[in-house]
Amino acid sequence: MATASVAFKSREDHRKQIELEEARKAGLAPAEVDEDGKEINPHIPQYMSSAPWYLNAERPSLKHQRKWKSDPNYTKSWYDRGAKIFQADKYRKGACQNCGAMTHDAKSCMERPRKVGAKWTNKHIAPDEKIETFELDYDGKRDRWNGYDASTYARIIERYEARDEARKKYLKEQQLKKLEKSNQNGEDAISDEDEEEDDLRVDEAKVDESKQMDFAKVEKRVRTTGGGSTGTVRNLRIREDTAKYLLNLDVDSAHYDPKTRSMREDPLPDADPNEKFYEGDNQYRNSGQAMEFKELNIHAWEAFDKGQDVHMQAAPSQAELLYKNFKVMKEKLKSQTKDTIVEKYGNAADENKLPRELLLGQSERQVEYDRAGRIIKGQEAALPRSKYEEDVFINNHTTVWGSWWKDHQWGYKCCKQTIRNSYCTGDAGIEAAEAASDLMKSNIARKEAEEEDDTPVEEKKLATWGTDVPDDLVLDEKLLAEALKKEDQRKREEKDERKRKYNVRWNDEVTAEDMEAYRMKKIHHDDPMKDFLN
């Protein structure tokens, strides 16, 4: 959407603006109108529709996207050649030192170099030239005929006309002189001149014939841009032939392409084909060996696409040989297919004719139909066939899906499985499923029996090291004191790694006194008095 200027908007205003743009895109709200009253397409992206800040656009518009430069017009006006604007009386500072004009310097002066320039003589000051600038586009800058005055060509025409008139006048004078001589010399001179004129006419006819018959002459073209020969050129068209684009001058007739000099359609479709010598370029493309060459090219392309190393331009002989082999194999395959069909279904053109009943489909069976065309009597009604595939067994099953039903679930009857993509397990799977169901039922029954038995369970008192405390447990005071000393010594060794010996003996035998000493010396992190220990 085109916006006039970027201004601060609150979140609510921004949301309303987005909703309005969506409604305009959906066609629910009218499109925005610019300064000229034209509707602005709501689907134009913002980076194209938003105007730059320096244009100070007050209303939404798309003028910044339109062409704002003036169209250059170089056909109406051109440089005023030779025009002068001002002629000074004395030399001015900064003017040309040679002629005294202000519009150029001495280096670019077009006048004859004076012996003493106008800067020192202060005489014969040249007038200033008229300097003009034109805004030209791409074509105008490169137009060779831009600024050409067509009236100057009238001088060339006048010169040629004057030359033709002088030639005619000269010929008249020559004819008058001949007439005067003939009157003086008599009839003998007249007869000689007539013979000479006849000889001249014969010579002219011979020249015309030679010009018409040199269409097969080979010429060498040497006038090229690079300077040099470009080969030979043969003029293959007889000048007496009519060009193809002149056969039918109707605008709606066959199209002629001057660039390729081709006319594909027939310019005279209604004319007698026996009298026509040209029927369009398509006649040559669709007749003769052109079709064979086209089929050869198509076969080479298709063979290359299928992976064969064939190229019509690189190896034409190989491509042609492959195409011949392909045609032979194709005919052989076609004949084999025909033989198999005839062997299976018979040949209708054979001498052994089929019976009339089979040929015409007639029989003695009587069939009755109702008004709707349904069969009432005389023919068994065909069973309606399903659109789905029937009797298709997958995953080694011997029955189809849906042949077994149990507990509101469909399954396979051969293995009694309810999973459609499962693999058939046969009788072993049925036995395993029954055993699993029996085991599940027995587990459920046992669990129910345990829930019904509400006998209280005696809580066992755990010892400090995680085992059951026997009732007759008695701790020896001396052994407990020794265990406490050993625990203190172990903790000191853990704090100082340097006192640890290289060979450490490990004792896995733990007594009840050792576990009690460990419990008594253990630091409980949740104990609030742990900082006062030791």
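The figures follow:
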{"quantity": "Cβ-derived FRET efficiency at R0 45 Å, Glu451 paired with Tyr423, nearest 0.05", "calculated": "0.70"}
{"quantity": "Surface/4 estimate of mean projected area, convex hull on alpha-carbon atoms of the stretch 31-165, nm²", "calculated": "18.0"}
{"quantity": "Calculated FRET efficiency for the pair Glu158/Leu179, C-beta based, R₀ 25 Å, to 0.05", "calculated": "0.20"}
{"quantity": "Calculated FRET efficiency for the pair Lys169/Phe304, C-beta based, R₀ 60 Å, to 0.05", "calculated": "0.20"}
{"quantity": "Cα Rg over Rh - the stretch 97-169, Kirkwood", "calculated": "1.24"}
{"quantity": "Å³ per residue enclosed by the Cα convex hull of the stretch 280-340", "calculated": "109"}
{"quantity": "Overall form of the stretch 376-441 per C-alpha gyration tensor (a/c, 1.5; a/b vs b/c)", "calculated": "prolate"}
{"quantity": "Residue-count net charge about Ser253 - beta-carbon cut-off 10 Å; Lys, Arg +1, Asp, Glu -1", "calculated": "-4"}
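We did not get these values from a lab; they are worked out from the coordinates using the rules stated. All figures in this text were calculated on a predicted structure; none of them were measured in a lab. Here Cβ is always computed from backbone atoms with ideal geometry, including for glycine, and neighbour counts include all displayed protein chains.
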